[in-house]
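The values are calculated or read from the model by the stated rules, or taken from the named source; none is laboratory data. Quick caveat: nothing in here was measured; it's all calculated off a predicted structure. With ideal geometry, Cβ positions are generated from the backbone for all residues, glycine too; neighbour counts draw on all protein chains shown. Remember, those area values only see protein heavy atoms, side chains included, never the ligands or the DNA or RNA. Shrake-Rupley method; radii C 1.70, N 1.55, O 1.52, S 1.80 Å.
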Amino acid sequence: MLEFFLELFSEEIPARMQAQAAAQLASLVGETLAPLKPAAAQTYYGPRRLALRVNVAAEVPATQLSERGPRASAPEQALAGFLRKHNATKEQLAQEGDFWVLNKSVPAMSARALIGAALPAALAKLPWPKSMRWGQGGDFAWVRPLRRMVCLLDGDVVPLQLGPVIAGNETEGHRVHAPGAFAVASAADWVEKLRAHFVIADAAERRKLIAEGIVEQARQRDLTVAEDDALLDEVTGLVEWSVPLIGRIDDHFMDLPPEVRELSMKINQKYFALRDSSGRPAPYFAFVANLAADDSGAAIIAGNERVLRARLSDARHFWDLDLKTPLEALLPKLEKITFHARIGTQRQRADRISTLAANIAQRLNASPQEMNEAARAGLLCKADLVTGMVGEFPELQGIMGGYYAAQEAREGNNIIGAAIRTHYQPKGPSDDVPRGLVAISVALADKLDTLIEFFRIGETPTGSGDPFALRRAALGVIRIILENDLKLALNESIGVTPDLLAFILERLRVKLRGEGQKFDILDAVLAGGRNDDLVDIMRRVKAVRDFLLTPDGANLLTAYRRAANILRIENAKDGPHDGEVSEGQFVQDEERRLDHVLREVEADSLRQFAAGNYEAGMSGFAGLRGPVDAFFDAVTVNAEQSQIRLNRLRLLAKLRDTMHRVAEFAKIEG
């Protein structure tokens, strides 16, 4: 195998595009060079370059092509098109039956020839979210102006051309520390020479160095770094040679909400927030410079502190201005904001959320005060959408409303503020759910209102399309209910229609599948009915699953399947075989014993199930195993006497139906 190495060197590539572009480069090259059996591909990406190293065969072996063409009676144009497609002549055709057949020898092709011939067109198709043309680029478009290209096959240059750039063996290092071009002979040589020229080529190594560097700088001041993987990924795409530094935040900005400071630092400046030894926000920030300054970074730190000071002064202005207007006074402004043309304004939405939050709180056995607080928080939860701070930082919606409500609260009562602050939660799979009855009620009301209203107007998700994030809203409802162990019926009285309930249950299936759990038991339990209480559903699922993990449960499931299979076959002949079992038709003790135990299960275990005592109810089902085993060992179901046969089939139907009142066990796999 030969080493093929490609580097595309350009002006700065946006950090958010680099990883995906590198993956697409590997895919494009892999598809284009497929005849060379590419293997062991490794990608590199950074602010000014994408690169790929891959092993390829030395040549594409000679082959004999035999392909059937158009019918012999086809128009001449069809035959001409076939020949053009295969770069062949009519003399290479032979007629076999009603068709022309092309028999063509394809000579071997060197890797160098294939790369030079096929790769430029493939590279020109590399997709970018945004691309540009520039002075010398002509019609060629790239994410930023392309400056150089290294293309090597076992160290030798493959002189392909991409736009205005012809490949060679020269690249460039750090723009400041090591300007100018230098030659490379292989991927390994490229990596090491770039390092010597102040560029860390491998993104994973660069990310690790950045993370370790800022942690060490923070440790020297007895500080820790607030975890932020997304910011770390972005900074990795901004620098080639990382120099971690620490700056200071002016003390008079430390009374701003930490989310305001830290979001301003992250969004505008790509700074990392720091914590003191007690875990509280520290008056410092970490950042990464792209060069090592002679003064150990003092001037760079001072410049960044000056920029941050201006940013936080703007935030201070919005904070002080917003505090002058109570949230309730902002409600009329919500009447001018359309939530959805067919649903109404944000004010109308706030009114609905308020009513629904109070309704949910009541169903969760809230006190009158808690119901009033839920209604109040629901009414005010969208008011911060018209504040200056949220206008500047939309990511802070809800959070700022919580702070403003807390500032207005009397006697330190911040329940309403906390509910507003968390009502968008959970925003993702790793986000916490709201806690506390009022906060839970408002968060559920917010998500349920979204679901109810969009289902009402028929705007439901289709395929992979979900423009209104209804799947996320449904998953939020599920997580809030399950993780808070809420007994809350999702039914028509709070606006959840059967279609919406089915949608929520489908998201529950998806959630279980994503957690690596089987959801066949869930389907079996749902088929048993009573499906609007999620906590109750999952308790039943657990009880059935735990029972089936026991020997009695596994054997009873096998017996159930045997009974269901017999009924399916016999019902096809002369069924269904429903109806009352007649004790007078019993011939064998095994029949009588099974009927007796079934009656006990109906009287006790199903009563336990109806009362929500699912573990106790399932333990009662264990008593069925012995009688069922004995029945199948000793009793011939299809007796010669028709009445005895009918009675035995009815007994099996009774067994099946009794178990179905817990779960439809036929849906359980394995």
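A few remarks follow.
- Hey, residue 224 over 20 Å from residue 177 (Cβ atoms) and hydroxyl-bearing (Ser, Thr, Tyr) or not: yes
- Any hit, segment 609-626, residues being farther than 30 Å from residue 519 by Cα and touching a residue at least 24 places away in the same chain (Cβ under 8 Å): no
- If you go through segment 17-35 and keep only what is of a type outside the set (Gly, Ala, Ser) and either buried (at least 16 other Cβ atoms within 10 Å of the Cβ) or over 22 Å from residue 140 (Cβ atoms) (or both), you end up with 17, 18, 24, 25, 28, 29, 32, 33, 35.
- From the options 14, 107, 38, 70, residue that is farther than 19 Å from residue 186 by Cα and open to solvent by 30 Å² or more (accessible area, probe 1.4 Å): 107
- Residue match in segment 502-509 (condition: crowded, with 17+ Cβ neighbours inside 10 Å, among the acidic types (Asp, Glu) and within 22 Å of the chain's Cα centre (by Cα)): no
- Pairs where the first residue, in segment 281-304, is over 12 Å from residue 247 (Cβ atoms) and the second is open to solvent by less than 50 Å² (accessible area, probe 1.4 Å) and of a type in the set (Asp, Glu), C-beta under 9 Å, 6+ apart: 281/262; 290/240
- All positions within segment 624-670 that are polar (S, T, N, Q) and either under 21 Å from residue 529 (Cβ atoms) or surrounded by 19 or more Cβ atoms within 10 Å (Cβ to Cβ) (or both): 647, 658
- Residues located in segment 387-396, provided they are in a loop (DSSP other than H, G, I, E, B) and modelled with pLDDT under 95: 393
- Condition check for residue 621 on (1) at pLDDT below 85; (2) open to solvent by 40 Å² or more (accessible area, probe 1.4 Å): one failure, at (2).
- Meets criteria (among the acidic types (Asp, Glu), touching a residue at least 60 places away in the same chain (Cβ under 8 Å) and under 15 Å from residue 361 (Cα atoms)) for residue 446: yes
- Looking across 435, 479, 456, one residue alone is open to solvent by 10 Å² or more (accessible area, probe 1.4 Å), closer than 22 Å to residue 339 by Cα and not aliphatic (A, V, I, L, M). It is 456.
- Of all the numbered requirements in (1) closer than 23 Å to residue 439 by Cα; (2) buried (at least 20 other Cβ atoms within 10 Å of the Cβ), residue 351 misses one, and that requirement is (2).
- Filtered by the rule that a residue be touching a residue at least 60 places away in the same chain (Cβ under 8 Å), over 39 Å from the mean Cα position of the chain (by Cα) and farther than 21 Å from residue 598 by Cα, segment 529-570 gives a lone residue, 570.
- Residues in segment 12-30 that are of a type outside the set (A, V, I, L, M) and in contact with a strand residue (DSSP E or B) (Cβ under 7 Å, 6 or more places away or on another chain): 18, 30.
- Flag for residue 126 being under 30 Å from residue 207 (Cα atoms), open to solvent by less than 60 Å² (accessible area, probe 1.4 Å) and under 45 Å from the mean Cα position of the chain (by Cα): yes
Rundown of residues vs (1) basic (Lys, Arg); (2) more than 30 Å from residue 648 (Cβ to Cβ), yes/no style:
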residue	(1), (2)
536	no, yes
551	no, no
562	yes, no
584	no, no
587	no, no
597	no, no
